[in-house]
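Where a number appears in this text, it was derived from the coordinates with a stated rule and is not lab data. Just so we're clear, the structure is a prediction, and the values are computed from it rather than from any experiment. In this analysis, Cβ positions are derived from the backbone assuming ideal geometry, glycine residues included, and neighbour counts consider all displayed protein chains.
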Amino acid sequence: MKFRQWALAVALGACAVTSAWAHDFKVGQIEIDDLWVRASAPGQSNGAGYLDIDNDGKTADRLLSVSSNVAERVELHTVQTENGVARMRHVPDGIEVPADGKVKLAPGGYHVMFMNLKQPFAEGTEVPATLKFEKAGDVAVKFEVKRIGHQSGDDHSSHMNMKH
Ligand SMILES: [Cu+2]
């Protein structure tokens, strides 16, 4: 086998492993994937969770709330910049998922806020939670705990330093 073929085989193998590790969850017309949180830094009491939500249906749905027994409280948040300062805001009405569309919860925007963690998020473990959709109902999911420095896209702000 030439080096190039070998390298390709390794790359393909790595892809297969990655997609096997990434869990997909489905409830009704809603599909959820790429769920992750960052491992907790020492002394950090809150953690943010991110995920992709796909709606294959012809009607809009809404992520109403998230619950988990890993934290005392779980809220849906967004980030708004006021006077150059990024602040997190609670979104009490939840997050709309348009018909035949998708919503990405990602650093710098919508996220699931795990508040007052009962235990730090440890890299390589999974965080169980239940997502509640207005139409599709409840679905049990797991967030993958990534290393502390993990970035998704261009996240220049440190979540931990934001004010609630
Ligand atoms: Cu938050």
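Order these peptides, 76-87, 128-139, by their mean beta-carbon neighbour count within 10 angstrom, highest first.
Working: 76-87: 12.9, 128-139: 17.0.
Result, highest mean first: 128-139, 76-87.
Would you mind classifying the stretch 45-116 by shape? Square roots of the alpha carbon gyration tensor eigenvalues, ordered a ≥ b ≥ c; an a/c under 1.5 is rounded, otherwise it is prolate if a/b is larger than b/c and oblate if not.
Details: a/c = 2.27, a/b = 1.35, b/c = 1.68.
It comes out oblate by the Cα gyration axes.
Counting only residues 5 or more places away or on other chains, whose amide H sits under 5 Å from the amide H of K135 once H atoms are built in the peptide plane?
R62
For the stretch 33-152, what is the relative contact order in percent, using Cα pairs closer than 8 Å and at least 6 residues apart in sequence?
36 percent.
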